[in-house]
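The structure under discussion appears below in the form of structure tokens.
The values are calculated or read from the model by the stated rules, or taken from the named source; none is laboratory data. In this text, all values refer to a predicted model and were calculated from it rather than measured experimentally. Positions of Cβ are generated from backbone atoms using ideal geometry, with glycine treated the same way; all protein chains shown enter the neighbour counts.
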Amino acid sequence: MRLLYKKDIVYPPNKLTGEIKDVLIRDLQLGKLTDLLTPETGVGKKTEDFLDLMTCDPEEISYRQELSKDLFENDDLFNDLKKMHILLLGLNEIVGDKISVNRKEIGNYFIIINWLNLFCSTINKFNELFQKHNDVIKSEALKKLNTITSGIYKSEEFKVLRKNIKILTIENHNISSVRLGINLDDYLEPVSVNCLEINNFYYNPRKIIDLKSKKDNKVHGIGKFKYIPAGKRSKTGGVYDEIKSQAVLVNTTQIQRVVSCEIDIQFIQGLDYFFKMLNFNNRRIMKEFISKRAVEIIELTEDLGFFLGGVGLARKLSEKGMPVCLADICDIEKHSLQAKGLYNCYLPFLLENPAKKIVSNDINFLKGNVFSILNGPNKGGKTTFIQALALNTILFQLGLYSTCENASISPFDKILTHYQRDEASDRTGRLVMEAESMRLIFSNVTEDSLVILNEPYVSTSPAEGMFLIMNSLTAIRKLGCRGILVTHYHKLNDEVEEKNKNSENKISFLNMGIEGNNGRRTFKLIRGRGAVKSYAIDILREYAPGIID
């Protein structure tokens with residue numbers, strides 16, 4: 001199962017090519033969004049992965065929204081699942097372990113026992129979590145997860161594991177006695193060790209270990225001790241009995257940890273019997289055992305991290321006093337794009353008291369009137385707004401909370417953007433780069449796409465630029481796709497209005513407000529045509545005083 005997908009096949013599939021994704025990442029600064037969506041555990045996805053996870057399937061969006069809502073509205077559930085994510089990351093590390101040690105050293109057994117303990121702890125914790133939160137969980141995804149984990153928990157095999165893991169977990173034991181056999185030199189200084197006895201059980205070293213390093217003449221501890229199979233003779237000719245032979249041996253680089261444990265007969269016999277019964281004689285077998293039993297929950301590690309990061313962003317925004325919502329999902333054919341109180345999710349993390357400083361805006365596109373031209377002053381908030389619109393769309397189609405008071409959106413099959421770029425190092429002219437960017441858009445756009453054009457064709461003369469833009473708008477009219485064109489070519493508006501008279505797909509006008517005649521930016525989106533000027537002189541006076549008289 002997946003937390004991200006209700007169905008095995010998502011239809012219609014995400015159609016973002018690598019080239020389109022590269023453009024979106026650059027134009028929308030999506031690396032910032034990736035940082036915001038990274039969970040507190042620190043293990044998140046790459047930016048490209050988030051774009052791949054976008055879906056235009058209303059059923060899949062709804063499936064994810066249910067889980068997002070469960071986590072957003074229940075603090076304890078959210079925090080408990082954060083703890084579970086850490087355990088799942090641990091299981092993932094086990095499955096990814098590349099080392100297989102076949103020697104029966106107690107150091108190797110300690111690793112295997114810890115792995116087994118982590119597996120048991122994870123299933124136990126999931127069982128406790130769902131018992132605790134069963135009444136508040138509404139999402140189908142979490143209910144499926146409950147079914148899977150409770151099935152493992154109730155199995156006879158897991159009952160055996162739970163019963164025996166307490167005996168095998170060495171932290172529950174204490175050592176009563178430790179003796180070392182140490183060789184002394186003529187000056188009674190320790191020079192080597194040739195035996196170790198814990199609670200009267202004997203461990204034979206692989207060789208006599210030099211305690212002093214030849215490099216610095218300092219004592220560095222004891223090396224590894226090996227397992228003596230039952231009935232076999234050591235080099236000294238001694239024969240060890242069955243009980244002592246079953247005392248699997250210790251990697252004495254961990255001696256401090258070992259001496260905090262009780263290696264008694266119950267532990268040694270239980271360890272030997274248990275591992276023989278289940279054939280856990282090395283890390284590879286344990287890894288395979290855990291992988292097969294917990295494969296479905298291990299596969300959910302990335303999915304759970306995705307929701308913890310996404311819902312974590314919504315919770316942080318809410319704590320800052322900013323509204324968030326789960327947008328209503330409209331049929332794709334309606335071409336709806338409505339949002340009240342929309343804002344850019346980057347801004348609250350750049351400002352103090354963002355709820356008092358950020359100006360939110362409303363947008364309302366309906367079929368037949370779904371594309372707009374946005375005018376307004378320089379530094380008036382146009383680029384911030386169109387970025388907010390695109391980011392909000394991405395969050396919506398990830399199944400996460402939207403950054404607005406409420407919204408009704410028909411999913412998009414693609415988001416396509418055009419922003420100004422610096423000239424390439426190969427001396428490609430800006431007009432050539434713009435042409436390539438527009439080619440990418442119009443070779444991929446459909447009637448279900450979102451198109452954002454941020455000041456296209458400014459690298460040529462105004463007359464030629466307006467001609468090229470009008471050609472683009474003609475194609476947009478025929479398709480009826482949603483989007484916004486940001487431009488300072490105010491004369492373009494007259495021609496667009498004239499074309500509106502004979503077109504079913506109207507292009508509307510938006511502008512960023514100016515207060516009075518003083519040029520003060522309100523950052524408020526206003527429907528209709530605004531002032532036929534961009535207030536560029538204000539910018540020059542502020543940032544380059546002395547240039548303008």
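If the requirement is being under 19 Å from the mean Cα position of the chain (by Cα) and not aliphatic (A, V, I, L, M), which of these qualifies: Glu40, Glu19, Glu59?
Details: Glu19 fails: under 19 Å from the mean Cα position of the chain (by Cα); Glu59 fails: under 19 Å from the mean Cα position of the chain (by Cα).
Matching residue, one of Glu40, Glu19, Glu59: Glu40.
For region 123-151, name all the residues that are touching a residue at least 60 places away in the same chain (Cβ under 8 Å) and of a type in the set (S, T, N, Q).
Taking region 123-151 as the starting set, the residues that turn out to be touching a residue at least 60 places away in the same chain (Cβ under 8 Å) are 123, 126, 136-142, 144-145, 148-149.
Result: Ser139, Thr149.
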Within region 471-482, can one find any residue that is surrounded by 15 or more Cβ atoms within 10 Å (Cβ to Cβ) and without any contact (Cβ under 8 Å) to a residue 24 or more places away in the chain? no
Of (1) at positive phi; (2) surrounded by 22 or more Cβ atoms within 10 Å (Cβ to Cβ), Gly368 satisfies every one except (2)
Being in a strand (DSSP E or B) and not basic (Lys, Arg) is the filter here, so list the residues in region 335-359 that pass it. Leu337, Gln338, Ala339, Gly341, Leu342
State all residues of region 146-175 that are acidic (Asp, Glu) and either touching a Pro at 6+ places or on another chain (Cβ under 6 Å) or at pLDDT 80 or above (or both); if no residue qualifies, say none. Glu156, Glu157
Complete set of residues in region 323-360 that are more than 28 Å from Arg477 (Cα to Cα) and of a type in the set (Asp, Glu): Glu352
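Identify, from the list Cys330, Cys345, the residue that is crowded, with 17+ Cβ neighbours inside 10 Å and under 25 Å from Gly480 (Cα atoms). Please lay out each step first, then the result.
Details: Cys345 fails: under 25 Å from Gly480 (Cα atoms).
Exactly one of Cys330, Cys345 is crowded, with 17+ Cβ neighbours inside 10 Å and under 25 Å from Gly480 (Cα atoms), namely Cys330.
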Checked against (1) of a type in the set (Val, Ile, Thr); (2) within 38 Å of the chain's Cα centre (by Cα); (3) under 27 Å from Ile415 (Cβ atoms), Thr522 satisfies every condition except (3)
